[in-house]
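The values are calculated or read from the model by the stated rules, or taken from the named source; none is laboratory data. For clarity, every value in this text was computed on a predicted model and none was experimentally measured. All Cβ positions, glycine included, derive from the backbone under ideal geometry; neighbour counts span all protein chains shown. Ligands, DNA and RNA are stripped out before the accessible areas are found, and what is left, the full protein with its side chains, is counted by its heavy atoms. Shrake-Rupley method; radii C 1.70, N 1.55, O 1.52, S 1.80 Å.
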Amino acid sequence: MNAVSVNRLCKSYNGVKALDDVSFDVAKGELYGIIGPDGAGKTTLFRILTTLILPDKGTALVQSTDVVKDYSTIRSIIGYMPGKFSLYQDLTVEENLNFFATVFNTTVKENYHLIEDIYKHIEPFRTRRAGKLSGGMKQKLALSCALIHKPDVLFLDEPTTGVDPVSRKEFWEMLMKLKKQGITIIVSTPYMDEAKLCDRIALMQNGKFLRIDTPDNIVASYPYRLWAVRSSSMHILLDDLRSCQGITSSFSFGTCYHATMDETLTVEKLKRYLLDKGHHNIEINEISPTVEDCFMLLLKEDGV
Amino acid sequence: MIKFLIEKEFKQIFRNSFIPRMIIMMPLMMMLIFPWAANQEVKNIKLSVVDNDRTTMSGNLVRKVSSSGYFILNSVTGSYTDAMKDIDSGSSDIILEIPADFEKQMMDDKHSTVMISANSVNGTKGTLGSSYLASILNDYSAELRSDMMQNLSISAVQEPRSFSIVPEYKFNPRLDYKVFMVPALMVMLLTMITGFLPALNIVSEKEAGTIEQINVTPASRFQFILAKLIPYWCIGFVILTICMGLAVCVYSIIPVGSLLTIYLFAMIYILVVSGMGLVISNYSDTMQQAMFVMFFFVMILLLMSGLFTPVGSMPDWAQYITILNPLKYFIQVMRLVYLKGSGFFQMIPQFLSLCCFALFFNVWAILSYRKSS
């Protein structure tokens, strides 16, 4: 039995398709990542699964319960952490936690073991108002509040957006621990580096799932050899790469450009071509692809 | 569950640095300042007298007018043109012109005419001023007549038949404007606070996104709405009690009827306005929207409630609109209880109307608050 089972879900806003025929399953205890740029439809999907909005078409089951018909049952078995911090800023850390525990008919004490690891980071500030916490601490509090009723499925909508790298790393460590406790976690993120931490990921764009697989499989299925290109004049390099015959794709990636080429072009030829264009200190190294490379390729194939 | 939701609301209200102060300050301001300012009695009318006669009789007339308390004698001039200049410059509101042969005419013909001309830029001041002045003049002419009767005491002179009107003002014998206004002001205050606060509260939860978090909890929309209503219900009672206390202390206005009736009606009325506020908040996405829509309705409701101008003197179509105005009913009730001492059974129609409004708005509020749109 699957924790989440989505079948041909559609949702439009004023004619714009936010979700376009989306189907997927999430197994129990899985850490499932939904990766996609802003506006891909991630939040809409989450809002349907958490019973906040109704789909136009299609069905979605959470723990075998229909999100439309039995929304009230679902509300007590899921935890939802929206992308925007949405706890009561004028209540203290402790009051927020107690409040959410009580509206779910439980107590903080009962499920403290579940949130202990997370909550102990913010416990020293328990009398501080939630609005006065730092970004990372807010996330921890929000996660604690979403967990306090021991949900079966946890929905995290871009939990690490706008959080510093250290807190992000900590946050993912916490998710790993939660996964060990048997909680199914569905997390969305625009950060590709977080994708490899998930059991399975779905690449999402324009309301569609482009591909669903484990991060390893996605990377392994990358069909081309990938090259990282650097030179002394990076700002004109991308244009030069794109105008070079035989280059099939090139895009910026961190401090260099990732490029693929067809059989007509070799590294030597490319180097010569770039030298002619007036580049110096040219470095061309073969690298293993990342999820982001796969995503870029999928987008290209998708015709975007 | 509902207990915790309410507890949370109270915590938030008292933690807010602004709302508790407003709850105390608004009744104080309204009760201490407004009844004096919103006074429809016209006093201190500036009067210019054009005395063309300059006799004892005209002098007595002027003295009588200026000692009435309503008028301030601005100037006594010899020509109408001078008096008009005072009107133009704003130093005078009304002119009383006494003709040249006033005393002589009164003695010989037993009859004379004076002229009143009032500046009616401010309509109330003009009409009320001239009618005050006219009634003083009538008094004076009656006095003169009785004096003459005594002096002449000749049976040949037929006493003209006349009668005088002595009005008795029921329930407000001294026509004290404050007695009439204070109960209505309480209604206005209750409307402002218990209407605006819940509306803005829900919209602020929308803006902060916290409503999402509540929506994924098992708390039902009925519980959620009720938890928003109850705190403002309590606040409404506190405000009403403060107002009634102030009315007793400052103006010695004590309701003739029973306090129980007032509280009963207030209970329903608060439900009506906060229900209305909730409906508006359910349809607005931002504070600005909610605030503006609320203002729009409260303005209309206040102006069409009979608070300042009697409903009976509105045109027919406007009177039909006031049937849908809950404010009207509660103002009626407050005035009836405060001034006339009406009991509950005399106000059954108002009670039923308010109950309908309460039911209507609150059901609407619960239905329009969609947890899953």
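A few comments on the model shown:
- Rounded to the nearest 20, the Cβ-based charge dipole of the protein assembly as shown about its Cα centre (Lys and Arg +1, Asp and Glu -1) stands at 1400 debye.
- Three-way shape label, region B:221-353, alpha-carbon gyration tensor, a/c 1.5: oblate
- Among the residues of A:101-110, the average count of other protein chain beta-carbon atoms within 10 Å of the residue beta-carbon is 3.
- Shielding by partners, peptide A:64-74 (average Cβ within 10 angstrom, other chains): 1
- Lys/Arg +1, Asp/Glu -1 at C-beta; region B:1-54 dipole; positive extreme among B:34, B:19, B:2: B:2
- Local charge for residue B:121 was computed over the other residues whose Cβ lies under 12 Å away, with Lys and Arg +1 and Asp and Glu -1, and equals -1.
- At R0 = 22 Å, FRET efficiency that the Cβ-Cβ distance of residue B:150 and residue B:63 yields, to 0.05: 0.60
- Farthest positive-ward along chain A dipole, Cα basis, beta-carbon charges - from A:131, A:203, A:91: A:91
- Length available on full extension from residue A:7 to residue A:107: 0.36 nm per residue minus the Cα-Cα distance, which gives 32.5 nm.
- FRET efficiency, 1/(1 + (r/R0)^6) with R0 25 Å, evaluated for residue A:248 and residue A:214 via beta carbons: 0.45
- With all protein chains in place and ligands, DNA and RNA left out, the 1.4 Å accessible area ranks A:123, A:283 as A:283, A:123, largest first.
- Counting only alpha carbon atoms, the long axis of helix A:93-103 and the longest principal axis of chain A meet at about 70°.
- Take the Cα of residue B:108, step 7 Å toward its Cβ, do the same at residue B:296, and the gap between the two points is 7.0 nm.
- Value at 222 nm in deg cm²/dmol, rounded to 500, when DSSP H runs of n ≥ 4 in the protein assembly as shown each add -39,500 (n - 2.57): -16500 deg cm²/dmol
- Rounded to the nearest 20 debye, the dipole magnitude of chain B is 1720 debye, with +1 charges on Lys and Arg beta carbons, -1 on Asp and Glu beta carbons, and the Cα centre as origin.
- Per residue, chain B exposes 51 Å² of solvent-accessible protein surface, assessed with a 1.4 angstrom probe and all protein chains in place.
- Percent of Cα-Cα distances greater than 51 Å, calculated over the protein assembly as shown: 42
- Using the Cβ-Cβ distance between residue B:249 and residue B:80 with R0 = 51 Å, the FRET efficiency computed as 1/(1 + (r/R0)^6) comes to roughly 0.55.
- Net charge, residue A:53 excluded, C-beta distance under 9 Å - Lys, Arg +1, Asp, Glu -1: +2
- Once backbone amide H atoms are built at 1.01 Å from N, residue A:200 has A:31, A:33 as its partners under 5 Å, excluding neighbours fewer than 5 places away on the same chain.
- Pairwise label distance in nanometres, residue B:346 with residue A:266, each label 7 Å out on the Cα-Cβ vector: 11.1
- Fully extended contour minus Cα-Cα distance, from residue A:116 to residue A:199, at 0.36 nm per residue: 27.5 nm
- Region B:264-309: C-alpha gyration tensor shape, a/c 1.5 cut-off, then a/b vs b/c: oblate
- Note on residue A:177: aspartates and glutamates with a C-alpha under 17 Å away, same-chain residues under 8 apart excluded, are A:30, A:116, A:117, A:152, A:194, A:199.
- Total buried accessible area between A and B, probe 1.4 Å, nearest 100: 2400 Å².
- Normalised by residue count, region B:45-152 yields a Cα convex hull volume of 84 Å³ per residue.
- Unit charges on C-beta of K, R, D, E only; dipole of region A:194-233, Debye: 200
- Over chain B, Cα pairs under 8 Å with separation of 6+ residues give a relative contact order of 18 percent.
- As a size descriptor, the averaged projected area of the C-alpha convex hull of chain A was calculated at 18.0 nm².
- Unit charges at the beta carbon, dipole of region B:45-152: most positive-side option, B:107, B:129, B:61: B:129
- Sequence-distant lysines (8 or more away, or on other chains) whose Cα lies within less than 20 Å of residue A:180: A:28, A:120, A:140, A:150, A:169, A:196
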